[in-house]
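Asker: Got a structure for you, written out below as structure tokens; questions coming shortly.
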Amino acid sequence: MNKLFYPALFHKAEEGGFWVSFPDIPECLTQGDDMAQAYEMAVEALGLALTCREKEQQSIPSSSDPTTISPEPDSFLVVIEFDMLAYKKRTNSRAVKKTLSIPEWLNEAAINMDLNFSQVLQEALIAKIQAQ
């Protein structure tokens with residue numbers, strides 16, 4: 001569940017630019033001065049809404065079929081691509097201490113190679129998560 005796609009409605013704002021709403025996530029609203037900024041802000045707002053739902057142990061809604069959504073006048077549909085793993089890496093990089101056990105021979109070999117245990121473990125975990 002790393003890459004998600006949600007339909008968003010981009011509405012022309014009276015003062016210029018766009019405001020954005022998500023039919024599947026009513027609390028998720030944002031705006032931007034132009035199309036590029038509105039899209040960027042939509043990705044960030046979507047990330048905040050979804051991670052807040054996760055933290056509150058609420059379900060993450062399935063995305064609607066974009067062909068079933070009829071935009072209102074002065075609005076249009078855009079599908080927002082959201083990468084949950086990339087968002088979490090960018091916004092939640094607080095380190096968490098973990099204790100692990102490895103064979104002594106592996107520990108000595110890694111020390112002799114001057115390997116950074118935390119970096120190696122992080123890279124392996126990211127590769128494992130992305131493979132799913």
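Only the coordinates and a few stated rules stand behind these numbers; no lab work does. From a predicted model like this one, the values you see are computed outputs, not experimental measurements. Cβ atoms come from the backbone with ideal geometry, glycine included; neighbour counts cover every protein chain shown.
Asker: Counting other beta carbons within 10 Å of each residue's own, what order do F22, F5 fall into, fewest first?
Answerer: Sorted ascending by nearby Cβ count, the order is F5, F22.
Asker: Which order results if M113, M41, M35 are arranged by neighbouring Cβ count within 10 Å, fewest first?
Answerer: M113, M35, M41
Asker: Across the chain, how many lysine pairs, 8 or more apart or on two chains, come within less than 16 Å at their alpha-carbon atoms?
Answerer: So the count of such lysine pairs works out to 7.
Asker: For an R0 of 30 angstrom, estimate the FRET efficiency from the Cβ-Cβ distance between Q58 and V120 and round to the nearest 0.05.
Answerer: 0.30
Asker: Run lengths n ≥ 4 of DSSP H only: what is the helix-derived mean residue ellipticity at 222 nm for the chain, with -39500 (n - 2.57) per run over all residues, to the nearest 500?
Answerer: Estimated from H runs of four or more residues: -12500 deg cm²/dmol.
Asker: Still on this structure, please answer the following. Could you line up E40, E14 from fewest to most neighbouring Cβ atoms inside 10 Å?
Answerer: Lowest count first: E14, E40.
Asker: Let me ask you something else. Say each of A13 and D65 gets a label point 7 Å from the Cα, pointing the same way as Cα to Cβ; how far apart are those two points in nm?
Answerer: 3.4 nm
Asker: Output the 0 to 90 degree angle, nearest 10, between the alpha-carbon long axis of helix 35-55 and the longest principal axis computed from the alpha carbons of the chain.
Answerer: That helix lies at roughly 60 degrees to the long axis.
Asker: Using a 7 Å offset from Cα along Cα-Cβ at K3, what residues in the stretch 101-132 end up with backbone N under 16 Å from the label point?
Answerer: Residues passing the 16 Å test: 129-132.
Asker: A further question follows. Let me check against my output: what whole-number percent is the relative contact order of the chain, with C-alpha pairs under 8 Å and at least 6 apart?
Answerer: Value for the chain: 27 percent.
Asker: Only one of the listed values, [x] 68, 27, 24; [y] 49, 35, 20; [z] 45, 31, 29, was derived from the coordinates as Cα extents along the principal axes in Å; which label is it?
Answerer: [x]
Asker: A further question follows. Expected output is a single nm value to one decimal: the length gained when fully extending between N107 and K128, i.e. 0.36 nm times separation in residues minus the C-alpha distance. What is it?
Answerer: Contour length minus Cα-Cα distance gives 5.4 nm.
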